1. Of all the residues that make up the range 251-273, how many are under 19 Å from Asn184 (Cα atoms) and out of contact with any Phe, Trp or Tyr (no Cβ under 9 Å at 6 or more places or on another chain)?
2. What pairs can you find where one residue is in the range 183-200 and under 25 Å from Arg170 (Cβ atoms) and within 7 Å of ligand 2 (Cβ to nearest atom), the other is β-branched (Val, Ile, Thr) and part of a helix (DSSP H, G or I), and their Cβ atoms are less than 8 Å apart, with a gap of 6+ or different chains?
3. Among the candidates Val67, Val73, which residue alone is within 12 Å of ligand 1 (Cβ to nearest atom), within 23 Å of Leu232 (Cβ to Cβ), of a type in the set (Val, Ile, Thr) and in contact with a Lys or Arg (Cβ under 9 Å, 6 or more places away or on another chain)?
4. So the check is Cβ under 8 Å with 6+ separation or different chains; which pairs have a first residue in the range 41-65 that's basic (Lys, Arg) and a second one that's not in a helix (DSSP H, G or I)?
5. Tell me which of these Lys135 doesn't satisfy, since it passes every other one: (1) more than 16 Å from the chain's Cα centre (by Cα); (2) surrounded by 15 or more Cβ atoms within 10 Å (Cβ to Cβ); (3) not in a helix (DSSP H, G or I).
6. Would you confirm, using the coordinates I've provided, whether Leu133 is more than 8 Å from ligand 1 (Cβ to nearest atom), touching a Pro at 6+ places or on another chain (Cβ under 7 Å) and touching a residue at least 40 places away in the same chain (Cβ under 8 Å)?
7. Please count how many residues of the range 214-269 are among the hydroxyl-bearing types (Ser, Thr, Tyr) and over 14 Å from Leu150 (Cβ atoms).
8. Among the residues of the range 116-130, how many are closer than 14 Å to Gly97 by Cα and more than 9 Å from ligand 1 (Cβ to nearest atom)?
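Values in this text are rule-based calculations from the coordinates and carry no lab data. Since the structure is predicted, the reported quantities are computational estimates derived from the model, not experimental observations. For neighbour counting, all protein chains shown are included, and Cβ atoms are generated from backbone atoms with ideal geometry for every residue, glycine included.
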Amino acid sequence: MSATFDFSGKNVFVVGGTSGINFGIAQGFARWGAKVMVASRSTDKVEAAVAGLRELGAEASGTAFDVRDAEAVTEGFKAAVDFFGGPIDILVSGAAGNFPAKLNDMSANAIRSVVDIDLMGTFHVMKAAHEHLAKPGASVINISAPQAFLPMSYQAHVCAAKAGVDMVTRSLALEWGRDGIRVNSIVPGPIADTEGMDRLAPTPEIKEAVTKSVPIGRMGGVDDIAKAAGYLSSDAGAYVSGVVLPVDGGWSQAGATSVMSKMAHMMDKMMAN
Ligand code: HXC
Ligand code: NAP
């Protein structure tokens, strides 16, 4: 990773940080000298992620909880500050669930599962975090998605949930500003080799169509998102709060909605065969 930051002495908690983009963010902070804690549902994934962070030389730990369970989230934050021995300097909240589906093919429970993970999970994490955040100085980053502001076929549940996440970000930037806490969202574009892209672009043909639709001509890597989290949490981002920051090679400005609709039709064809 070419960008460098110095986060030595900083405590970083990445919720949903055991795979994909969020693990990439945790790895970034580990490389930049921070003490890092990760959390997600699967104890196996937590253990593997912690081992990966330690391989990078970081002091790292992990805990397992489901962001849908407010009490478990509160306990998870207690475990995090026990491990850190002090307040949390940087919090990344990125647990999410997604599957492409037509609204009429989703049960109430299917819709609820995504809204509960993405939106209620964000509320639970923010509520449990506040008392443990460094005041002043904490940087809070919610991981959003282009669906938050771009309508996409087969994504009504995700669009609604992620739009809510960004309004939580913007509201808390106001509410917590006086505590010296900055709150921002990062909106990753299509990121290669991730669960999210494998679910939304399940064939090489669909992946190629997505790649072609990105103005700078490539999918992002998890490093691209880690570097944005580093920027927002470093002194370079000290006056940035309440921002919803696309890190997407220009994708949200050009074609994201139409390519996603095309993908939906390609998926229909795929399922019909
Ligand atoms: C319709 C579906 C479905 C599908 C699940 N359900 N998949 N309905 N179409 N394809 C329904 C189930 O039938 C069930 O409803 C309900 O959803 C809950 O499913 P469970 O499997 O019981 O839930 P759970 O074990 O809690 O899992 C949650 C999940 C799962 C969201 C369904 O996919 C998950 O754990 N995802 C986490 C990983 C993930 O999604 N990563 C990608 C994030 S990418 P019934 O009525 O039968 O009980 C992202 C944005 C990418 O967020 C943006 C790219 C540009
Ligand atoms: P991923 O690898 O599936 O990451 C999701 C993470 O959240 C995992 O660590 C998962 O671990 C955890 N998680 C899921 N449900 C949870 C729950 N209920 N409670 C606690 N933890 C939970 O997916 P990804 O594609 O990298 O996506 C990561 C983030 O980026 C998401 O917020 C997503 O919306 C966003 N995003 C992704 C893309 C993309 O191109 N991939 C684009 C835009 C936005 P467990 O399974 O162990 O719980």
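1. Of the residues in the range 251-273, the ones under 19 Å from Asn184 (Cα atoms) are 252.
Retained after the next criterion (residues that are out of contact with any Phe, Trp or Tyr (no Cβ under 9 Å at 6 or more places or on another chain)): none.
Of the residues in the range 251-273, 0 are under 19 Å from Asn184 (Cα atoms) and out of contact with any Phe, Trp or Tyr (no Cβ under 9 Å at 6 or more places or on another chain).
2. Listed pairs, sorted by first residue: Pro188/Ile21; Pro188/Ile225; Pro190/Val210; Pro190/Thr211; Ile191/Ile21; Ile191/Val222; Ile191/Ile225; Gly196/Ile21.
3. Working: Val73 fails: within 12 Å of ligand 1 (Cβ to nearest atom).
Just a single option satisfies the conditions, and that option is Val67.
4. Taking only residues 6 or more apart or on different chains, the pairs are Arg41/Ala64; Arg41/Phe65; Arg41/Asp66; Lys45/Thr18; Lys45/Ser19; Arg54/Ala60.
5. Only one criterion in (1) more than 16 Å from the chain's Cα centre (by Cα); (2) surrounded by 15 or more Cβ atoms within 10 Å (Cβ to Cβ); (3) not in a helix (DSSP H, G or I) is unmet by Lys135, namely (2).
6. Working: more than 8 Å from ligand 1 (Cβ to nearest atom): yes; touching a Pro at 6+ places or on another chain (Cβ under 7 Å): yes; touching a residue at least 40 places away in the same chain (Cβ under 8 Å): yes.
Yes; evaluated as a whole, the condition is true for this residue.
7. First, pick out the residues of the range 214-269 that are among the hydroxyl-bearing types (Ser, Thr, Tyr): 231, 233-234, 239, 241, 252, 257-258, 261.
Filter again for over 14 Å from Leu150 (Cβ atoms), leaving 231, 233-234, 239, 241.
Count: 5.
8. Step one: of the range 116-130, the residues closer than 14 Å to Gly97 by Cα are 116-122.
Right, trim to more than 9 Å from ligand 1 (Cβ to nearest atom) and you get 119-122.
Total satisfying the criteria: 4.
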